[in-house]
Amino acid sequence: MRRMRQMKIDSYEVESDTRENFESIEEYVRDEVIGKADWKHFEITIDGAYTSSDPFVYKHNLLFIPKDFLITSVKALDGESSAGTVTILYDNIDSDFIRLSCTSPGATIRMFVGSFND
């Protein structure tokens, strides 16, 4: 994960209000939870209808078991009228695979996948 470099304002003469603003920004970025999940972006094309008992299986190639998902879009495949409902089967995710169900003939899902650990 890329880290924000440390600001070096101590060696410069900076007005106190300006210094306080920079310190507030640095504190916000350091403490922001969303940046601590080591997000990876995926675009997955689901090629048909899948159920929770017969899910779509996607090999994620991550070095951790993903726990957190930010879905940015679900789009119907070309020629299909609906993307249906895509569901992440959280209880069936492991160190190798993400499992999904899809109620339509298929969809393309874009999402960020990570695992926040505090």
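Just so it is clear, none of the values below were taken in a lab; they were calculated from the coordinates. Bear in mind the structure is a predicted one, so any value in this text is a computation, not a measurement. All Cβ positions, even for glycine, are placed from backbone atoms using ideal geometry, and neighbour counts span all protein chains on display.
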Calc'd 3J(HN,Hα), the stretch 55-65, phi into Karplus 6.51 cos²θ - 1.76 cosθ + 1.60 (θ = phi - 60°), Hz, glycine/Pro = x, comes to x, 6, 10, 10, 6, 8, 6, 8, 8, 8, 8
Those GluC sites (Glu not before Pro) from the stretch 25-102 that are DSSP loop and have at most 14 other Cβ neighbours within 10 Å turn out to be E32, E80
Exposure proxy check on Y58, Y50: fewest-to-most Cβ neighbours within 10 Å is Y58, Y50
In the neighbourhood of I93 defined by beta carbon distances under 13 Å, the net charge of the other residues (Lys, Arg +1; Asp, Glu -1) is -1
